[in-house]
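Asks: Shown below is the structure under consideration.
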Amino acid sequence: MLPPPTAPRKLQLEIPANLQAVYANAVIVSQTNSEIVLDFIQVLPNDPRARVQARVVMTPANAKLLLRALGANLERYESLHGELKLPPQPASLADQLFGGIRAEGEPDERQDQTDRE
């Protein structure tokens with residue numbers, strides 16, 4: 001026989017009074033064989049540095065649960081506020097950070113693309 005189902009556990013969330021919120025406008029995701037690492041970074045205009053604001057390390061299973069929770073919350077957000085339109089994604093972080101920097105005389109590929117359309 002299967003044991004009777006247990007009632008879901010309720011957590012009492014405690015938020016420390018001195019907890020500092022940080023702003024990040026990008027995240028770098030990496031992994032080891034047993035962990036998913038999320039480095040939340042802040043990229044500022046005209047500054048080639050990307051500063052890590054917070055690092056969160058979790059198990060792959062918890063990362064998948066986070067992905068599911070984020071998806072559900074974004075669906076709820078879009079149902080209330082409309083679809084989020086995302087800008088085109090650069091090919092790499094280097095392109096994102098330094099894509100606007102060109103060597104003297106180097107053509108702007110984005111302009112060339114626009115000229116061809």
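No lab work stands behind these numbers, since they all come straight from the coordinates. What you see is a predicted model, and the numbers here were worked out from it, not measured in a lab.
Asks: Working out 0.36 nm times the residue gap between VAL52 and ALA69, then minus their Cα-Cα distance, what length gain in nm do you get to one decimal?
Replies: 3.8 nm
Asks: Give me, ordered by chain and number, the residues 5 or more places off VAL27 or on other chains with an amide H under 5 Å from its own placed amide H.
Replies: Those qualifying (amide H under 5 Å, at least 5 residues apart or on another chain) are ILE41.
Asks: Here's something else I'd like to know. List the equivalent ellipsoid semi-axes of the range 1-65 in whole Å, largest first, each obtained as the square root of 5λ for an eigenvalue λ of the Cα gyration tensor.
Replies: Largest first, the range 1-65 gives 34, 19, 8 Å.
Asks: Taking 0.36 nm per intervening residue step and subtracting the Cα-Cα distance, what contour gain separates SER92 from GLN31 on full extension?
Replies: 20.2 nm
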